[in-house]
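Structure first, commentary second.
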Amino acid sequence: MRPHMRSPKSRCCRRDPDSVSGGDAVIQVRVPPNVSVLQVVVLRNGVDVTGAFVAKDLTTLQGLVGGLNVGANVILVKMRSDGSILTKAIVQN
């Protein structure tokens with residue numbers, strides 16, 4: 001699956017078909033090299049799900065995100081400091 005991405009410097013939401021169960025999905029978020037994973041917040045349909053993610057390396061977060069709605073779900077990655085959006089993806093469930 002390749003969701004819509006807004007920023008070429010950020011990659012959001014690699015989701016493999018075998019990593020989905022019901023309303024849950026393993027999602028990987030990659031931030032630009034000049035941004036620490038500690039500087040971002042991940043939102044699922046407006047709800048903060050940052051706590052579901054762990055750092056895989058300096059620029060990659062991965063987590064099991066639950067509560068996905070049937071149909072389209074919006075995943076946003078924002079800067080903690082000012083709320084600016086680094087990337088936006090639509091994940092279909």
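Between amide H atoms placed 1.01 Å from N, distances below 5 Å from Val49 occur with Val42, Leu43, Arg44, all of them 5 or more places distant or on a separate chain.
Sort the stretch 28-67 into rounded, prolate or oblate with this rule: let a ≥ b ≥ c be the square roots of the eigenvalues of the Cα gyration tensor; rounded if a/c is under 1.5, and if a/c is not under 1.5, prolate when a/b is larger than b/c, oblate otherwise. Judged from the Cα gyration tensor, the stretch 28-67 comes out prolate (a/c at least 1.5, a/b above b/c).
None of the figures in this text is laboratory data; all of them are computed from the coordinates on show. Keep in mind it's a predicted model, so treat the numbers as computed, not measured.
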